[in-house]
Amino acid sequence: MRHMNRLSQLLLLAVFLTCLGKPSHAEQNAGTDHPNVLFIAVDDLNNWLGCAGHEQAITPNIDRLASRGTYFSRAYCAYPLCGPSRASLMSGIHFADLNTTKLQPKDSEVQQRVEAMGSSLLHTYLGDRGYETMAVGKILHRHVPTRSVDLSGGRGNWDFIHGEDGKRTKINFPSNKTLTDWAEYPYDEAEMSDSLAARWAVDRLDETHEKPFMLMVGFLRPHVPWYVPKKYFDMYDAAKLTLPEYRPDDFDDLPQAALEQLNEGYPRTQWAIENNQWRNMVHAYLASITFADTKVGEVLDALDASPYKDNTIVVLWSDHGYHMGEKNTFQKHTPWNRSGVAPLFISAPGMGAGQTCDRVVSLLDIYPTLVDLCGLPPNEKVIGRSLKPLLKNPKHPWNHPALTFKRNFAAVQDGSLRLIRYEDGSLELYDHASDPHEWNNLANNPEHALTINKLQKLLATN
């Protein structure tokens, strides 16, 4: 009996010594051949960011991410609306090719369409190849398809303001055709949807993970309504804010089809000027950006404090741009550059840091880029290209146009040139090198016939 006890003691000692020299789960993950992925979506964010040259925007955390990786200043969405853009990004396939009749299909329908094409959504592709997948907040139009991730934190709502009767109310813009409104949010910041999403993500980064993981975090702001706590408004002096460039005669050289892209019921710049609201709207949008930046910072801080810091790819993106008075409107949906360009940041181990890449790329490129950086076999069904060469060298030769489609128009961005074609065949052509605000439509100038023909062929080919 004594002999058996002694044997047991020796066995226990051996196990103890083995465990003493064995790395923790977090350390095992940190040393894996496949990096982790922190995947952050910020809804309706245009390029009003400090690192993008916007002198007024207070975005220290997104700026910090830019200092660690590459900012793609000319990344174009595939569709200038949340649901279709996200479906395209997460599938690596243009929305039109998903063959859905719904403009905002359910997350599960997007998954079904992609699988019917013999492919899979980005997180499923990684999950099927050994990744632990987690999601919180808005990733696709709502969240992610049910049971498509290993762990879900769900998604909150828009944090509305309620009247005395308890019903949702609007403060400054009464239209029922849009959620657009702006005001100081009077309730507890800690209970806001984006605050809850950030805390959920922080908790995941505080855990040990045996496998490489993909953690997806979707923030709702600065999507309308622009309701955030007073302290974010107080960070700005509204009287000193510079308003966007706007010309009342901007539409004089545009076809009728272009004017039909202005969503009925949304604010117009002339209305904002006449009602002394434009400055207030810009103030609220900037406050909402800073609020979102703060939540991004909470997640980045948690990553920095974790064992995963040096082995994690960080991608931050928005689904499209947003007009804040340019082109006489406050909206997305349009074919113009302000709707098409979306912020994109990628920081990856071993890649360049503090870089700005001005090559034209597409949000469709995110899928193949992550697959490439994760060391996984490519998904031949996706149509984008890996941006890895540009992460190594932002001046790398790159001659790939970016396409943006909507049901009644198509646009192609090729270098500084942007061609927009409407269903009725009417056109707009801009050269951003000389006309960054798109004030001079060159489509009716015969001197540009060859350029238009070339860009038309790019649209037809793709």
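Which one of these does Ile313 not meet: (1) farther than 21 Å from Arg221 by Cα; (2) in a helix (DSSP H, G or I)?
Single failed check for Ile313: (2).
If you scan the range 224-275, which residues turn out to be over 23 Å from Asn445 (Cβ atoms), open to solvent by less than 30 Å² (accessible area, probe 1.4 Å) and in contact with a strand residue (DSSP E or B) (Cβ under 9 Å, 6 or more places away or on another chain)?
Hits for the range 224-275 are Val224, Pro225, Trp226, Tyr227, Val228, Pro229, Tyr232, Phe233.
Looking at Arg421 and the list (1) basic (Lys, Arg); (2) in contact with an Asp or Glu (Cβ under 9 Å, 6 or more places away or on another chain); (3) over 26 Å from Pro335 (Cα atoms), which single condition is not satisfied?
Unmet condition: (3).
If I go through the range 237-284 residue by residue, how many of them are of a type in the set (Gly, Ala, Ser) and touching a Gly at 6+ places or on another chain (Cβ under 8 Å)?
Taking the range 237-284 as the starting set, the residues that turn out to be of a type in the set (Gly, Ala, Ser) are 238-239, 257-258, 265, 272, 284.
So of that shortlist, the ones also touching a Gly at 6+ places or on another chain (Cβ under 8 Å) come out as 272.
Going through the range 237-284 one residue at a time, the tally reaches 1.
Looking only at residues in the range 109-131 that are in contact (Cβ under 8 Å) with a residue 40 or more places away in the chain and open to solvent by 40 Å² or more (accessible area, probe 1.4 Å), which one is nearest to Trp200 (Cα to Cα)?
Within the range 109-131, the first condition is being in contact (Cβ under 8 Å) with a residue 40 or more places away in the chain, and the residues that meet it are 117-120, 122-123, 125-127, 129-131.
Among the residues that remain, those that are also open to solvent by 40 Å² or more (accessible area, probe 1.4 Å) are: 117-118, 129.
Numbers: Met117: 33, Gly118: 33, Arg129: 24 Å.
If we take residues in the range 109-131 being in contact (Cβ under 8 Å) with a residue 40 or more places away in the chain and open to solvent by 40 Å² or more (accessible area, probe 1.4 Å), then Arg129 is nearest to Trp200 (Cα to Cα).
Looking at (1) open to solvent by 20 Å² or more (accessible area, probe 1.4 Å); (2) at pLDDT below 95, can you tell me which one Thr451 breaks?
Result: Thr451 passes all but (2).
Report every pair of residues separated by at least 6 positions or lying on different chains whose Cβ atoms are under 8 Å apart, first residue within the range 397-408 and within 19 Å of Ser386 (Cα to Cα), second polar (S, T, N, Q) and assigned to a loop (DSSP other than H, G, I, E, B).
From the range 397-408, the pairs are Pro401/Asn462; Leu403/Asn462.
The conditions are (1) open to solvent by 40 Å² or more (accessible area, probe 1.4 Å); (2) in a strand (DSSP E or B); (3) closer than 22 Å to Asn36 by Cβ, and Ile346 fails exactly one of them. Which is it?
It fails just one condition, (1).
Based on what the data block shows, is Asp33 open to solvent by 10 Å² or more (accessible area, probe 1.4 Å) and either closer than 30 Å to Gln261 by Cα or at pLDDT 95 or above (or both)? Give the derivation first.
On the way: open to solvent by 10 Å² or more (accessible area, probe 1.4 Å): yes; either closer than 30 Å to Gln261 by Cα or at pLDDT 95 or above (or both): no.
Here the answer is no, as Asp33 does not meet what is asked.
Working only within the range 276-295, note down all residues that are open to solvent by less than 10 Å² (accessible area, probe 1.4 Å) and either of a type in the set (Val, Ile, Thr) or outside any helix (DSSP H, G or I) (or both). Outline the logic, then answer.
Going through the range 276-295, the residues open to solvent by less than 10 Å² (accessible area, probe 1.4 Å) turn out to be 281-282, 284-293, 295.
Within the range 276-295, Val282, Ile289, Thr290 meet the criteria.
Residues checked against (1) open to solvent by 30 Å² or more (accessible area, probe 1.4 Å); (2) within 28 Å of Tyr125 (Cβ to Cβ); (3) touching a helix residue (DSSP H, G or I) at 6+ places or on another chain (Cβ under 9 Å):
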site	(1), (2), (3)
His143	no, yes, yes
Val149	no, yes, yes
Asp159	no, no, yes
Asp165	yes, no, no
Ile171	yes, no, no
Thr180	no, no, yes
Met192	no, no, yes
Leu196	yes, yes, yes
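For the range 370-399, which positions are open to solvent by less than 60 Å² (accessible area, probe 1.4 Å) and under 17 Å from Tyr76 (Cβ atoms)?
If the condition is that a residue be open to solvent by less than 60 Å² (accessible area, probe 1.4 Å) and under 17 Å from Tyr76 (Cβ atoms), then Val382, Gly384, Ser386, Leu387, Leu390, Pro394, Trp398 are the ones that fit.
Six or more apart or on different chains, Cβ under 7 Å: which pairs go from a residue in the range 96-108 that's at positive phi to one that's in a helix (DSSP H, G or I)? Could you list them?
Partner pairs satisfying both residue conditions: Asn99/Arg113.
The values are calculated or read from the model by the stated rules, or taken from the named source; none is laboratory data. Owing to the predicted nature of the structure, the values given are computational and were not obtained by experimental measurement. In this analysis, Cβ positions are derived from the backbone assuming ideal geometry, glycine residues included, and neighbour counts consider all displayed protein chains. Note: areas computed on protein heavy atoms with side chains; ligands, DNA, RNA excluded. Shrake-Rupley method; radii C 1.70, N 1.55, O 1.52, S 1.80 Å.
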